[in-house]
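Enquirer: Below are the structure tokens for one structure; questions will follow.
The values are calculated or read from the model by the stated rules, or taken from the named source; none is laboratory data. Here the structure is a predicted model, which means the values were calculated and not measured. Using ideal geometry, Cβ is built from the backbone for each residue, glycine included, and neighbour counts are taken over all protein chains shown. With ligands, DNA and RNA removed, areas are computed over all heavy atoms of the protein, side chains included. Shrake-Rupley method; radii C 1.70, N 1.55, O 1.52, S 1.80 Å.
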Amino acid sequence: MSSKENEVIGNYEVGKEGVLTRREVLLMGAMTAGGMVAGSAVPVAAAGEGAKKAASPDGPYKAKDFDKLAKTLNGFSASQIQQHLKLYNGYVAKSNQMYKMLKDVDVSSANATFSDLRELLIEQSYAVNGVVYHEFYFGNLGGKGGEPGGDLKAAIEERWGSNAKFMDFLKGAGKSARGWVVVGYNTRGGHLDAFALDTHNVYSPAGIIPVMVLDVYEHAYMVDFGIDRGKYLETFMDNLDWNVVAKRLSVASKHPSGEDSTV
Ligand SMILES: [Fe+2]
């Protein structure tokens, strides 16, 4: 576990139960078009309607409540989930902290070798992606695994041939990544794609709206599974909520795909 994983608390907000709202998707399209962070979490003050709200002293981000997962997941202990949520809350806190620091940072000393502005701009993507990807991850847990249906099933079959092949692919991807596996809707091609990230902001794809996110950092499974990542991946899939993934795809697929997706 890195030292960054031990950092502390704050506030962030996303759509209900980790499912994107249409407003979030459209906003995200604008964000990804600018090469910014892809994800569902939206800084309240940056989301238009948030400008009407009084600013929280904690900052614009608000942590979602995933506490029930500590009691409801099969094969995960309460301790595993609670410790993981503590890390998530840390990213929320740091996202808020950096949001506020960037308001007052000394831009006159900006420098590409080192400057406060440079460090905040870089580490901001680590913190915010740490929030966003964890919200997608916890948001797609709490189900019973099994098989996807409907449009999601069709999209998986189009990309991977069958759900069985996709599940094998996902296990392989989970063993290949050092931080995250992100399965998302590609706003250019209008299809699903999978990506391996080595940390929150390393190899994070642009123009991709996540629909299923898998955390493969050791902190996600060491408490319960030691170094047996394969057993963790099986347990993750047994608790996957395909309904959440399907809802995410349904909203994401309304994004204008193709060359005009940056408008
Ligand atoms: Fe994590």
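Enquirer: Among the residues that make up the range 237-244, is at least one of them away from the ligand (no atom under 14 Å from the Cβ), part of a helix (DSSP H, G or I) and of a type in the set (D, E, K, R)? Give the derivation first.
Expert: Applying the first criterion (away from the ligand (no atom under 14 Å from the Cβ)) to the range 237-244 yields 237-244.
Restricting the remaining residues to those that are part of a helix (DSSP H, G or I) gives 237-238, 242-244.
Now restrict to residues that are of a type in the set (D, E, K, R): 238.
Yes, because at least one residue in the range 237-244 is away from the ligand (no atom under 14 Å from the Cβ), part of a helix (DSSP H, G or I) and of a type in the set (D, E, K, R).
Enquirer: Let me ask something else about it. Among the residues of the range 137-145, is there at least one that is open to solvent by 20 Å² or more (accessible area, probe 1.4 Å) and of a type in the set (A, V, I, L, M)? Steps first, answer last, please.
Expert: Of the range 137-145, the ones open to solvent by 20 Å² or more (accessible area, probe 1.4 Å) are 142, 144.
From the residues that got through so far, the ones that are of a type in the set (A, V, I, L, M) too are none.
No, the range 137-145 contains no residue that is open to solvent by 20 Å² or more (accessible area, probe 1.4 Å) and of a type in the set (A, V, I, L, M).
Enquirer: Looking at residue 115 and the list (1) loosely packed, with under 14 Cβ neighbours inside 10 Å; (2) free of Cβ contacts under 8 Å to residues at least 12 places away in the same chain; (3) farther than 22 Å from residue 249 by Cα; (4) of a type in the set (Gly, Ala, Ser), which single condition is not satisfied?
Expert: Just one mismatch for residue 115, condition (1).
Enquirer: Is it the case, given these coordinates, that residue 254 is farther than 20 Å from residue 170 by Cα, open to solvent by 80 Å² or more (accessible area, probe 1.4 Å), touching a helix residue (DSSP H, G or I) at 6+ places or on another chain (Cβ under 8 Å) and of a type outside the set (Phe, Trp, Tyr)?
Expert: Values: farther than 20 Å from residue 170 by Cα: yes; open to solvent by 80 Å² or more (accessible area, probe 1.4 Å): yes; touching a helix residue (DSSP H, G or I) at 6+ places or on another chain (Cβ under 8 Å): yes; of a type outside the set (Phe, Trp, Tyr): yes.
In short, yes.
Enquirer: So in the range 187-200, with the set limited to residues that are open to solvent by 50 Å² or more (accessible area, probe 1.4 Å) and at pLDDT 95 or above, which one is nearest to residue 235 (Cα to Cα)?
Expert: By that ranking, first place goes to 195.
Enquirer: A follow-up question, please. I'm checking my understanding of the structure. Among residues of the range 79-112 that are among the aliphatic types (A, V, I, L, M) and open to solvent by less than 50 Å² (accessible area, probe 1.4 Å), which one is nearest to the ligand (Cβ to nearest atom)? Don't jump to the end; show me each part of the working.
Expert: Going through the range 79-112, the residues among the aliphatic types (A, V, I, L, M) turn out to be 81, 85, 87, 92-93, 98, 101-102, 105, 107, 110, 112.
Checking the rest, the ones that are also open to solvent by less than 50 Å² (accessible area, probe 1.4 Å) come to 81, 85, 87, 92-93, 98, 102, 105.
Working: 81: 11, 85: 9, 87: 6, 92: 13, 93: 15, 98: 19, 102: 24, 105: 28 Å.
Taking the candidates together, the pick is 87.
Enquirer: For the range 226-236, give me each residue that is within 14 Å of the ligand (Cβ to nearest atom) and of a type in the set (Lys, Arg). Before you say what the answer is, go through the steps one by one.
Expert: First, pick out the residues of the range 226-236 that are within 14 Å of the ligand (Cβ to nearest atom): 229, 232, 236.
Answer for the range 226-236, where residues must be within 14 Å of the ligand (Cβ to nearest atom) and of a type in the set (Lys, Arg): just 229.
Enquirer: Which pairs turn up if I take residues in the range 238-263 that are closer than 16 Å to residue 193 by Cα and look for partners that are among the acidic types (Asp, Glu) and open to solvent by 60 Å² or more (accessible area, probe 1.4 Å) with beta carbon separation below 8 Å, at least 6 apart in sequence or on another chain?
Expert: 246/151; 249/151; 250/151; 253/151
Enquirer: Same structure, new question: Name the single residue that is nearest to the ligand (Cβ to nearest atom) among those in the range 118-136 being of a type outside the set (A, V, I, L, M, F, W, C) and open to solvent by 10 Å² or more (accessible area, probe 1.4 Å).
Expert: At the first step, the residues of the range 118-136 found to be of a type outside the set (A, V, I, L, M, F, W, C) are 118-119, 123-126, 129-130, 133-135.
Remaining after also requiring open to solvent by 10 Å² or more (accessible area, probe 1.4 Å): 118-119, 123-126.
Working: 118: 26, 119: 23, 123: 17, 124: 18, 125: 16, 126: 13 Å.
Among residues in the range 118-136 that are of a type outside the set (A, V, I, L, M, F, W, C) and open to solvent by 10 Å² or more (accessible area, probe 1.4 Å), the one nearest to the ligand (Cβ to nearest atom) is 126.
Enquirer: Identify all residues within the range 142-167 that are farther than 23 Å from residue 73 by Cβ and either part of a loop (DSSP other than H, G, I, E, B) or among the charged types (D, E, K, R) (or both); write none if there are none.
Expert: Within the range 142-167, 151, 153, 157, 158, 159, 161, 162, 165 meet the criteria.
Enquirer: Please count how many residues of the range 165-218 are over 17 Å from residue 137 (Cβ atoms) and in contact with an Asp or Glu (Cβ under 6 Å, 6 or more places away or on another chain).
Expert: Total meeting the criteria: 1.
Residues are listed down the side, and each one gets a yes or a no for (1) modelled with pLDDT of 95 or more; (2) within 16 Å of the ligand (Cβ to nearest atom); (3) open to solvent by 10 Å² or more (accessible area, probe 1.4 Å); (4) in contact with a Cys (Cβ under 6 Å, 6 or more places away or on another chain):
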position: 152; (1), (2), (3), (4): yes, no, no, no
position: 155; (1), (2), (3), (4): yes, no, yes, no
position: 160; (1), (2), (3), (4): yes, no, yes, no
position: 166; (1), (2), (3), (4): yes, no, no, no
position: 172; (1), (2), (3), (4): yes, no, yes, no
position: 177; (1), (2), (3), (4): yes, yes, no, no
position: 185; (1), (2), (3), (4): yes, no, yes, no
position: 213; (1), (2), (3), (4): yes, yes, no, no
position: 224; (1), (2), (3), (4): yes, yes, yes, no
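Enquirer: Which pairs turn up if I take residues in the range 217-235 that are assigned to a helix (DSSP H, G or I) and look for partners that are within 14 Å of the ligand (Cβ to nearest atom) and at pLDDT below 95 with beta carbon separation below 8 Å, at least 6 apart in sequence or on another chain?
Expert: Final answer for the pair search is 218/1; 219/1; 219/5.
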